[in-house]
Amino acid sequence: MEVTTDFNWILNIANNVIIIHKPQKVIFSGNEINRKLLGDNDNLRRSIILDYFDEAIQSTVKTLLDKVWKEKEREVLRIDSLQLYFFPAEYNGEEHIMISTDDTIYERSRIEHELSERVKELECLYQVSSVFENARRMEDALELSIPALINGLQFREYAQAIIEIDGKLYGDKECLTLQNRVLRERIVTDEKVRGFVQVGYTINAPFVKEEEKLLYEVSIIISNRLEKSDRNREQQEQRKQLIIQNRKLKHLTDICAKSRKRLETLFNAITDSIFVIDRDYHIEISNNLNISDKGQCYKQQFNTTAPCSHCPAKKSFETKENCSEEMKLGNQYYLMQAYPIFNDDGEVEKVLEIVRNITREKKVDLQLLQNDKLASLGKLVSGIAHEINNPNTFIRGNIKIVKESVSDILPILDDYVKSHPDTKIARLNYDLWRENIPLLIDDMQGGTNRIKKIVDGLRNFARKDEGLLNDNVDFNEVITSSIRLTENQVKRFATVELDLEENLPLFKGNRQKLDQVVVNLVLNAVEAIEGTNGRIQISSKHLKPTNEILIVVKDNGSGIDEQ
């Protein structure tokens, strides 16, 4: 079997090609292209490429050749019906130019060039990625990525590159002075511009789209690595903070354990019987050593076989409200108080019941005992207010000094930062710190003033009441003071809306009793509100015709039972 191989395509390429060595020396020319350029004198070979063309277009040919030599781009020249393709070529390690009348050769060269550029681009991206993947420090990776980036450009021998991150430069700083032929891409993390990567040529050479894409991909690699580095730094910082918080939590746990022990001691020292019961009246917790944590409360406390006829715990389960009842058993009097304990669904799950033997008080004077109790409570509140007011007074005085000091220091820092723009205070950029430090000081000052108002309200509320009507009362002040005292109980269930008439006339009265009236009205309103969307409205008005002051407290709760 005879096999015939057709090599005509090789001869066709050779016949349609002229190869030129710098600057214009012809080292090979094909027969077909000779005939097309020189006519029938195909046996006449030329050693200089310009001799193949008429004098009228030799200048155009020379300009085109110089452009191909310099910019390494492909060009096309049309002469009458003849179309010539000029493109750079490398042979035996030296640069040449090929001229062909066959567009297939031109297209093959173009494709080969694009593939070569693509390979160079991929090698560059691989090298840059590898550098950022393996370098231990971000600074080392940025320095090492500069040569890899330059190797990915067309004219790397004339290329310069520079990277700026957070104001610090890496690479050839002369690249910043290049005015023409410069490409730049921003480096962005979390929508914040951190810097840029820039390349430029020292010669007047154009950039191609592949180089623009390459620079964009490099900027993405750097941005991603920066984000990863920032996350690692944040995680380390968070870990440090967690360690600190863990230590604080351990300290607080120790304090809570001590407080719990003191509370248990106090709880057990109370002479009244205190216990928590469920809906079946089973005791879960008790401070009375004679009452076990098992069995029904009525059996353990009173040795009866059924709940009391006026059991406050039963009412508290049904009404979801605090209940109090007095009971006589034999010749003993008891005061029983029940307080509902709610679950997450707002239902009464348990009841805290306090049973006090009030036989002696009944014989003496129940009201006198109650007054003594309130007096003791007032002393306790007054003492607590005093303990809070002492350090708060110290803090208020110091904050004024701190505020004045910061005001004096800020101009000095502003001048310093002008020559040291990278200055950070408390790990914050100076501009951010400069903007927020006055606000922080004002917030602290406002907080201490608020503590003082609350302490003053506690003192007024806990002040010993002798029942005299000799206070100059501003009822608007009574209302605002009462709101501060009840804020913690109210804010979880309702918002308070005030409509207070200004400049209410003062009157003689008992400030403390009026405080107690408003506090009780507000707390009763909270207890009547279901859910967390409650609204309490308090208004004051001077009725001039009768010279009376009208105070209205309204809520959107369930209201008062008809009975």
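List of remarks:
- Enumeration of residues in region 153-182 that are on the phi > 0 side of the Ramachandran plot and either part of a loop (DSSP other than H, G, I, E, B) or hydroxyl-bearing (S, T, Y) (or both): D166, G167, R181
- Residues that are within 19 Å of S324 (Cα to Cα) and small (G, A, S), drawn from region 259-275: S273
- Any hit, region 201-224, residues being at positive phi and surrounded by 14 or more Cβ atoms within 10 Å (Cβ to Cβ): no
- Candidate set: region 316-346, residues that are touching a residue at least 24 places away in the same chain (Cβ under 8 Å) and part of a loop (DSSP other than H, G, I, E, B); chosen: the one least open to solvent (accessible area, probe 1.4 Å): G346
- Verdict on K213 being more than 21 Å from D190 (Cβ to Cβ) and basic (K, R): yes
- Flag if I150 is assigned to a strand (DSSP E or B) and either surrounded by 19 or more Cβ atoms within 10 Å (Cβ to Cβ) or out of contact with any strand residue (DSSP E or B) (no Cβ under 9 Å at 6 or more places or on another chain) (or both): no
- The set of residues in region 66-89 being surrounded by 17 or more Cβ atoms within 10 Å (Cβ to Cβ) and within 14 Å of F53 (Cβ to Cβ) consists of L84, F86.
- Taking the listed residues E123, E139, E143, the one that is closer than 23 Å to I162 by Cβ, at pLDDT 60 or above, assigned to a helix (DSSP H, G or I) and in contact with a strand residue (DSSP E or B) (Cβ under 6 Å, 6 or more places away or on another chain) is E143, with no other qualifying.
- Any strands (runs of 3 or more DSSP E) falling wholly within region 183-297 and containing at least 1 residues that are in contact (Cβ under 8 Å) with a residue 12 or more places away in the chain and within 30 Å of I358 (Cβ to Cβ): 273-277, 283-286
- Total residues in region 517-537, condition more than 35 Å from the chain's Cα centre (by Cα), under 30 Å from N547 (Cα atoms) and open to solvent by 40 Å² or more (accessible area, probe 1.4 Å): 6
- When we screen L498, L514, L550 for residues that are surrounded by 14 or more Cβ atoms within 10 Å (Cβ to Cβ) and either more than 25 Å from E321 (Cβ to Cβ) or without any contact (Cβ under 8 Å) to a residue 60 or more places away in the chain (or both), the only hit is L514.
- Test: residue in region 449-457 that is farther than 17 Å from N390 by Cα and either modelled with pLDDT under 80 or among the aliphatic types (A, V, I, L, M) (or both): no
- All positions within region 229-280 that are more than 30 Å from V188 (Cβ to Cβ), in contact with a Lys or Arg (Cβ under 9 Å, 6 or more places away or on another chain) and either modelled with pLDDT under 80 or open to solvent by less than 70 Å² (accessible area, probe 1.4 Å) (or both): T271, D272, S273, V276, I277, D278
- Selection status of R434, modelled with pLDDT of 80 or more, part of a loop (DSSP other than H, G, I, E, B) and closer than 30 Å to T393 by Cα: no
- Residues that are under 17 Å from N524 (Cβ atoms) and touching a Cys at 6+ places or on another chain (Cβ under 6 Å) within region 312-337 comprise K315, S316, listed in sequence order.
- The set of residues in region 527-547 being closer than 16 Å to L498 by Cβ and free of Cβ contacts under 8 Å to residues at least 60 places away in the same chain consists of G534, R535, I536, Q537, I538, S539, K541, H542.
- Residue within region 373-393 that is at pLDDT 80 or above, surrounded by fewer than 15 Cβ atoms within 10 Å (Cβ to Cβ) and farther than 27 Å from F275 by Cα present: yes
- In region 458-485, residue nearest to V402 (Cα to Cα) [restricted to those that are at pLDDT below 85 and part of a loop (DSSP other than H, G, I, E, B)]: R463
- Only one of T60, T5 that is modelled with pLDDT of 85 or more and either of a type in the set (S, T, Y) or open to solvent by 30 Å² or more (accessible area, probe 1.4 Å) (or both): T60
- Residue within region 398-407 that is open to solvent by less than 90 Å² (accessible area, probe 1.4 Å), modelled with pLDDT under 80 and more than 30 Å from Y333 (Cα to Cα) present: no
The values are calculated or read from the model by the stated rules, or taken from the named source; none is laboratory data. The structure presented is a predicted model; accordingly, all values stated were derived computationally and were not measured. When we count neighbours, we look across all protein chains shown, and the Cβ atoms used for this are built from the backbone with ideal geometry, even at glycine. Each accessible area value is taken on the protein alone, full model and side chains, heavy atoms only, with ligands, DNA and RNA left out. Shrake-Rupley method; radii C 1.70, N 1.55, O 1.52, S 1.80 Å.
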